[in-house]
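First the structure, in the form of structure tokens, and then the observations on it.
The values are calculated or read from the model by the stated rules, or taken from the named source; none is laboratory data. Everything quoted here is computed from the prediction, not taken from an experiment. Neighbour counts are summed over all protein chains in view; Cβ atoms, including those assigned to glycine, are modelled from backbone coordinates with ideal geometry.
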Amino acid sequence: MADFLTDKPTQLERAFLVGIQTDTMAPGEGAELLLELKELVENLRLRVTNSVLVNLRRPTPALLLGSGKAEELIAQAKADGADVIVFDEALSPAQQRNWEEMSGLAVIDRQEVILEIFADRAHTREAMLQVALARMEYSLPRLTRAWTHLSRQRGKGAMGGEGETQLEQDRRTVRDRISHLKRELINVVQQRDVQRRKRQRVPVPTCAIVGYTNAGKSTLLNTLTGSEVLAANKLFATLDPTTRQLVLRGNQKLLVTDTVGFIRRLPHGLVEAFKATLEEVVVADFLLHILDVSNPNFEQHHATTLAVLAELGAGDKTIVTVFNKVDAATPALIQRARQLEPDGLRVSARTRAGLDKLETRCLELATDTVSATELLVPPDRYDVIARLHELGQIHEQEHTDDGVRIKGRFPATQTGYFAPFVVSKAK
């Protein structure tokens, strides 16, 4: 792992982690976040040599921490054989540069760790473009990290020295690259919009699976739909949205989309960059919010996901809270889940426990998106009858002397096609 703009050694192997606990944080929150950072760092295949939690009263502009504490941490990191110091708190470009100059080690923060993981996991063109854009925007104010070895070459004249000129060239290159990536993303998003409109020509209710990373979203999608989406026990296993069809009772079809997992302190640039991917969340008819009830921190995960949904403009969506992994949860955790969301469903995507109730709830919400209608179709119009079965949910079908009387729910966008056969329509 390495910053693509630096000329430093690219192979980092041993990480020294620094967590922060401030007065404004809940007691123990810093320790929880530090454990999460450890898992993030290990996802980059780095070995954690040690981790230290620092109580911070007032941040300093130069180093975030006091100079005495900084020297102490650097000495400890070097004694442990670390080649990179990883902060759980966001560092400003100046702070990051000061730490690297002071320690002689690579210094990164939680944002850069998450960006590297996303870069490693992106597979579709859209996801790769989005990650590249986020990394470029993150790196632009940090380009001086790549040119500390040229500081002696900077002149005092009006044009500056060679290093300064090179730095300005690189800034211009990165800005041009950012503009190019944004243009490419617009094209990719437009292509995806065309694909979505094609799906909507045969309208099917849609739902999006959202939740904290590693909550079991992909496993649930696989279990419900019989698909084989990658489902791994690691953070951010899924970055690219995947849509599969779920057929519920009465032939009611539902399109289910798995989305990237959320995480506390997700870099804002990534939220912006992934809004196009997470647009599936915004346009879905309803959301399934998946929580890992076996994780003692699921309340914080619940709050984080709702906060990101609000930022995406999806906070007012109908949300079904689903507590997953009940087979691995303690009775005390399940009781906490009841207190958090009394109406939440408790399931296990692994053992299929509770999935019948989840499917029933999905059926209720899916049928709410389409109108209840009674139609009388002439007996020779089997094409209409076949289309009704294909697109809608049939409640009753009766053959009469006048034709085939059908009661069911059908997409509102097909009203014009079915209008000649409508007998009555539910309000």
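Overview of values
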quantity	calculated
Some residue of the stretch 199-213 being within 20 Å of A134 (Cβ to Cβ), modelled with pLDDT under 70 and among the polar types (S, T, N, Q)	no
Residues being outside any strand (DSSP E or B) and either surrounded by 13 or more Cβ atoms within 10 Å (Cβ to Cβ) or modelled with pLDDT under 80 (or both) - total across the stretch 412-427	11
Tally, over the stretch 344-355, of residues that are modelled with pLDDT under 95 and farther than 15 Å from T223 by Cα	0
Helices (runs of 4 or more DSSP H) enclosed by the stretch 16-134 - at least 3 residues per element that are under 19 Å from I263 (Cβ atoms)	29-43, 110-121
Residue in the stretch 379-396 that is of a type outside the set (G, A, S), modelled with pLDDT of 90 or more and loosely packed, with under 14 Cβ neighbours inside 10 Å present	no
Residue count, the stretch 376-399 (criterion: under 20 Å from L363 (Cα atoms) and of a type in the set (G, A, S))	1
So L358, is it closer than 19 Å to V256 by Cβ, modelled with pLDDT of 85 or more and not acidic (D, E)	yes
Close pairs from the stretch 122-142: first farther than 16 Å from S179 by Cα and touching a residue at least 24 places away in the same chain (Cβ under 8 Å), partner of a type in the set (S, T, N, Q) and assigned to a helix (DSSP H, G or I), Cβ under 7 Å, at least 6 apart	R142/Q96
Members of the stretch 397-411 that are free of Cβ contacts under 8 Å to residues at least 24 places away in the same chain and surrounded by 12 or more Cβ atoms within 10 Å (Cβ to Cβ)	Q397
Selected residue (only one of A94, A90, A70 is loosely packed, with under 15 Cβ neighbours inside 10 Å and among the aliphatic types (A, V, I, L, M))	A94
Residue within the stretch 285-292 that is under 30 Å from F418 (Cα atoms) and aromatic (F, W, Y) present	yes
Where a residue in the stretch 278-291 is closer than 18 Å to A303 by Cα and its partner, wherever it lies, is among the charged types (D, E, K, R), with Cβ under 6 Å and at least six apart	L287/K317; I290/K217
For V194: the one exception among (1) β-branched (V, I, T); (2) assigned by TED's automatic domain parsing to the domain that holds V326; (3) at pLDDT 65 or above	(2)
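The rows are residues; the columns are (1) touching a Pro at 6+ places or on another chain (Cβ under 6 Å); (2) in a helix (DSSP H, G or I); (3) modelled with pLDDT of 80 or more.
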| site | (1), (2), (3) |
| --- | --- |
| L239 | no, no, no |
| L254 | yes, no, yes |
| G269 | no, yes, no |
| E272 | no, yes, no |
| T277 | yes, no, no |
